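A.B. asks: My structure is below; once you've seen it, I'll send some questions.
The values are calculated or read from the model by the stated rules, or taken from the named source; none is laboratory data. Not measured: the values here are computed from a predicted model. Cβ placement follows ideal geometry from the backbone for every residue including glycine, while neighbour counts extend to all protein chains displayed.
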Amino acid sequence: MSESGGRRGGHGIGAASPDFAANYPNIAKWVRGRGWIEIGENLPPLDRPSCVRALDEGGLIWAGEASYPTLDDALRDLDAAIGRQLREERGEGPATASVPSQNSLPIVRGHLVSG
């Protein structure tokens, strides 16, 4: 991959786009220094299927559902879980308040993983 869009250290990204950071502030904050995310079909090595998850140097922090109706649904679920992680375990608040779309429901379907 190119230097500007390639991976660094096995898992990394460049700066999040302003639109992405506005829609998913906790994900943007997470990947800028706390950990990384993975998105894919049936990510290994979990005991149950998951298509989105958050990790840090200590390992798995949160794993979402096996599938979501849309990528946006998966990212909203991930953003909410990371926001809880930042508030509860690290004593930080969310990066900014995101405004949910009219069609979104405040239901979190993923599962926090205790370390």
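A.B. asks: Among the residues of segment 1-10, are any part of a loop (DSSP other than H, G, I, E, B), modelled with pLDDT of 85 or more and among the charged types (D, E, K, R)?
C.D. replies: no
A.B. asks: Hey, can you tell me all the residues within segment 23-43 that are in contact (Cβ under 8 Å) with a residue 40 or more places away in the chain and not aromatic (Phe, Trp, Tyr)?
C.D. replies: Asn23, Pro25, Asn26, Ile27, Ala28, Lys29, Arg34, Ile37 - these are the residues of segment 23-43 that are in contact (Cβ under 8 Å) with a residue 40 or more places away in the chain and not aromatic (Phe, Trp, Tyr).
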